[in-house]
Structure formats: C-alpha cells, structure tokens
Amino acid sequence: MAKETFSGTAVRVTEVEKLSPGDKLGLLPSDILLKIGKREPLEALEMPSILEEIGAEKEWITVLRDKIIFKVATKGGATGITLEPFPLQEEVNLEVKGFWTPFYSAIRLEDSLLLLPERISALWLPFPIIAYGYFRLWQMMGATIFMYGLGYATSTLGFIVVYIASIIILAMGGPKFLRDTAVKDGFLPRARIALADLDDAAKLEMTTGAILRLDRDKNKKR
C-alpha cells in the first residue's frame, strides 16, 4: 500500500469562470489543489501560464474536496480559475490501495456529480440485466430481456448464445452506453477523475452534489 503526503502551502480555488477549461474539468470554488502535475501548487500563482501548459502535458491535478482526495486529468488545461494561497495546517496523508482507479465524470448543473467506470467490473458481467438497471440503461435492459426471451423461445442453445453475446456487449460497450445515458439524463461531460480508494466514489458524488445544490440555493437568494 503506497502512501502520498502533502504539506506546506497549497492553493484554493476561489472562482471558476463558466465554460472555461477549468470549469470543464469540473473544478469548484473551495477546491484545494495539492499538486499540479509535477509542480508545486504555488507555482501556478507565480506563473499562471502553467494552468494552460499542463493541458498539453497530459498530467493530473491532485484535488482535496472536503475530505476527499482525487485526481483530475488536465486535457484542455485548467485556465479560467482564480487561486489563492492556502497553508495546510497539518500534513495531508493519502493511502493508495493498489492503483488509482479512473472514472469518466459528468455534472448536472447545480445538482449532482456522476462517476462512470471506464471499465465494467467483472462482477457485473454474469448479470447484464441487473447491470443495465443499476446504471440506468433502460433501453439496453429492455433489449436484453427481449433477446433473452427470444433465445429461450428458440432453444436452450439459442438462449446460451444470446446470454454469452449479452456478456460480450456489456464488457465491450458498457462504458459507452453509460456515457450516452448520462448525456440523455442531462449530465454534462467533465474530466476524467481518478480515485485511490473505490469507496470514495460515492462519497465524492454526495459531497459534490451537496456543494452544487448549496451554491444553487445561495444564488437563488441573491
């Protein structure tokens, strides 16, 4: 189990310009940037061009949101954000369980964050219908049930062939179907996110959703 430690002075996001590269990454005001690629956070204050250059370097920004640490892919850069120094009161330690796990992310404006796996877990493969239902792929769920019924009505062999085909479709096409479904549900694609602990996925979704809804309510009162 690897361990990463962050200390000293980080930077805090104070403002994110709408439709800017930083906004499209999914960064939010109050996010703490612990690392910007291979650079220390304060370098972005001294040389703002770093936020543009990092997009071409295919690096990751390490972010602390509430108590959750995650990484954001920097494709397109991170310009359009305003930063201020943020001294860390104590060391921030992160235990990496194995490898960083990447997700596709999407945001429904002022409402919620959705993390979509880049690969369907092998645990889902024997149960395509349940998997499609869990990920809200209702059309694929209905089509799979229909094909199962058709295969079963034909013969046992027919059902087995259809069942195996559904597993292959889920394994190879599942992530794309997830992204398509998210867009249809009103989510806007954001940057790839990586987590050191899979248990943080649900926590990050809930925390981000709460922040988005709180900002929405504040804006309504203005």
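Any residue in segment 41-54 that is surrounded by fewer than 20 Cβ atoms within 10 Å (Cβ to Cβ), acidic (Asp, Glu) and free of Cβ contacts under 8 Å to residues at least 12 places away in the same chain? Taking every residue of segment 41-54 in turn, at least one turns out to be surrounded by fewer than 20 Cβ atoms within 10 Å (Cβ to Cβ), acidic (Asp, Glu) and free of Cβ contacts under 8 Å to residues at least 12 places away in the same chain. Test LEU64 against the criterion of being within 18 Å of LEU204 (Cβ to Cβ), aliphatic (A, V, I, L, M) and in a strand (DSSP E or B), and give yes or no. Yes; evaluated as a whole, the condition is true for this residue.
Hey, does segment 36-58 have a residue that's outside any strand (DSSP E or B) and within 21 Å of ASP200 (Cα to Cα)? No; the residues of segment 36-58 include none that is outside any strand (DSSP E or B) and within 21 Å of ASP200 (Cα to Cα).
Out of all the residues in segment 23-49, which are farther than 19 Å from ASP66 by Cβ, within 22 Å of the chain's Cα centre (by Cα) and not charged (D, E, K, R)? Please lay out each step first, then the result.
Kept after step one, since they are farther than 19 Å from ASP66 by Cβ, are these residues of segment 23-49: 23-24, 36-40, 42-49.
If we keep only those that are within 22 Å of the chain's Cα centre (by Cα) as well, we get 23-24, 36-38.
ILE36, GLY37, listed by residue number.
The set of residues from segment 22-35 being crowded, with 21+ Cβ neighbours inside 10 Å and touching a residue at least 40 places away in the same chain (Cβ under 8 Å) comprises GLY22, LEU25, GLY26, LEU27, LEU33, LEU34.
Here is a yes/no grid of residues against (1) out of contact with any His (no Cβ under 9 Å at 6 or more places or on another chain); (2) more than 21 Å from TRP100 (Cα to Cα); (3) surrounded by fewer than 16 Cβ atoms within 10 Å (Cβ to Cβ); (4) modelled with pLDDT of 90 or more:
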| position | (1), (2), (3), (4) |
| --- | --- |
| GLY174 | yes, no, no, no |
| LEU178 | yes, no, no, no |
| VAL183 | yes, yes, yes, no |
| ILE193 | yes, no, no, yes |
| ALA196 | yes, no, no, yes |
| LEU204 | yes, no, no, yes |
| ILE211 | yes, yes, no, yes |
| LEU214 | yes, yes, yes, no |
| LYS220 | yes, yes, yes, no |
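Considered as a group, the residues in segment 56-66 that are surrounded by fewer than 23 Cβ atoms within 10 Å (Cβ to Cβ) and under 12 Å from SER30 (Cα atoms) include one that is modelled with the lowest pLDDT, and that residue is ASP66.
Looking for something of a type in the set (A, V, I, L, M), farther than 17 Å from LEU198 by Cβ, in contact (Cβ under 8 Å) with a residue 60 or more places away in the chain and part of a loop (DSSP other than H, G, I, E, B) - is there at least one such residue anywhere in segment 2-11? Checked against the condition, which is being of a type in the set (A, V, I, L, M), farther than 17 Å from LEU198 by Cβ, in contact (Cβ under 8 Å) with a residue 60 or more places away in the chain and part of a loop (DSSP other than H, G, I, E, B), segment 2-11 yields no hits at all. Count of segment 90-129 residues, restricted to those that are outside any loop (DSSP other than H, G, I, E, B), surrounded by fewer than 17 Cβ atoms within 10 Å (Cβ to Cβ) and in contact with a helix residue (DSSP H, G or I) (Cβ under 9 Å, 6 or more places away or on another chain), is 2.
The values are calculated or read from the model by the stated rules, or taken from the named source; none is laboratory data. Every value quoted in this text rests on a predicted model; they were computed, and no experiment measured them. Cβ coordinates were reconstructed from backbone atoms using ideal geometry, including for glycine residues, and neighbour counts include every protein chain displayed.
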